[in-house]
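*Asks:* Please read through the structure below; I'll follow up with questions.
The values are calculated or read from the model by the stated rules, or taken from the named source; none is laboratory data. All values derive from a computational prediction rather than experimental measurement. Heads up, the Cβs are rebuilt from the backbone with ideal geometry, glycines too, and the neighbour counts pull from every protein chain shown.
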Amino acid sequence: MTERIALARFHALIPCAGTGSRAGTAQPKQYQQVAGQPMVMHTVQALAQVPQLASGWVILSADDDHGWAEQGWPERFRRVACGGASRAESVFNGLKAMLAAGLDPQDWVLVHDAARCLVSPESVSRLIDTCQHDAVGGLLALPLPDTLKSEEGGRVAATVPREHKWLAQTPQMFRLQMLHDALADVAGSGFAGITDEASAIERWGLMPRLIEGSAQNFKVTYPADFALAEAILRSRA
């Protein structure tokens, strides 16, 4: 068993079945044009530059009708139309597809948001290098930089200490079977309370490792975020 775990491989899983209603776009936000191509393509291409990744799995909705361009599509990435009604369900269905395809249950899976198109390959490699021998796994995150307030009726109720507070990002990296089983435990409730992969692992009393990420690895969520993402991508080019 020890030898098999030592030989475990790394795979990316990108849930790509959502609609992104807050983005204000006519189409699912992951397909909105940013710096010359659909946003999700920037995400896929960034992950394809991570040398440790053996494969990538983009999880689409069953009725996805996006016209995918093959030019620029990484050879070791595939698209699978098994997405669910929520992000957690799409991830769960994707994990089931990976296991059904014969991936080793002890392999690592790195779940990454399609809308985090600015992730750097270097940060993903750092996550892998730091967590590959960890008993639990981990995630990219940022220490909370700003003063945090709680709210009541539109007014400040209290200032919340920001020490030991982090903003979770993706990728989030866990063993394939472990994450599958953690999500299976809450599938019957419609994945209630599961806001990311780490939250499913935490329900078991486990403590994922925090790896400091970058402020540029933000999730494109609102209309103004697209312009910022485009500016950063063009500055990199």
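*Asks:* Can Leu95 be described as closer than 22 Å to Met173 by Cβ, surrounded by 20 or more Cβ atoms within 10 Å (Cβ to Cβ) and not acidic (Asp, Glu)?
*Replies:* When the stated conditions are applied, Leu95 passes them.
*Asks:* Since Ser189 meets every condition but one in (1) among the small types (Gly, Ala, Ser); (2) under 20 Å from Pro105 (Cα atoms); (3) loosely packed, with under 14 Cβ neighbours inside 10 Å, which condition does it not meet?
*Replies:* Only one criterion in (1) among the small types (Gly, Ala, Ser); (2) under 20 Å from Pro105 (Cα atoms); (3) loosely packed, with under 14 Cβ neighbours inside 10 Å is unmet by Ser189, namely (2).
*Asks:* While we're here: Looking at this structure, is Ile194 touching a Leu at 6+ places or on another chain (Cβ under 9 Å) and outside any loop (DSSP other than H, G, I, E, B)?
*Replies:* Against the criterion (touching a Leu at 6+ places or on another chain (Cβ under 9 Å) and outside any loop (DSSP other than H, G, I, E, B)), Ile194 does not qualify.
*Asks:* Restricting to the stretch 1-46, count the residues that are at pLDDT below 95, within 27 Å of Lys96 (Cα to Cα) and hydrophobic (A, V, I, L, M, F, W, C).
*Replies:* Adding up the residues that qualify gives 6.
*Asks:* Which members of the stretch 78-97 meet the condition of being of a type in the set (D, E, K, R) and closer than 16 Å to Gly188 by Cβ?
*Replies:* Glu89, Lys96
*Asks:* Quick one: is Leu179 touching a residue at least 12 places away in the same chain (Cβ under 8 Å), surrounded by 14 or more Cβ atoms within 10 Å (Cβ to Cβ) and in contact with a helix residue (DSSP H, G or I) (Cβ under 8 Å, 6 or more places away or on another chain)?
*Replies:* Against the criterion (touching a residue at least 12 places away in the same chain (Cβ under 8 Å), surrounded by 14 or more Cβ atoms within 10 Å (Cβ to Cβ) and in contact with a helix residue (DSSP H, G or I) (Cβ under 8 Å, 6 or more places away or on another chain)), Leu179 qualifies.
*Asks:* Here's a follow-up. Is it the case that some residue within the stretch 200-218 is closer than 15 Å to Val119 by Cβ, in a strand (DSSP E or B) and among the small types (Gly, Ala, Ser)?
*Replies:* Taking every residue of the stretch 200-218 in turn, none turns out to be closer than 15 Å to Val119 by Cβ, in a strand (DSSP E or B) and among the small types (Gly, Ala, Ser).
*Asks:* I need the strands (runs of 3 or more DSSP E) fully contained in the stretch 93-169, keeping only those with at least 1 residues that are among the polar types (S, T, N, Q).
*Replies:* Ranges flagged: 148-152, 155-160.
*Asks:* Among the numbered criteria (1) modelled with pLDDT under 95; (2) under 21 Å from the mean Cα position of the chain (by Cα), which single criterion is violated by Ala215?
*Replies:* Just one mismatch for Ala215, condition (1).
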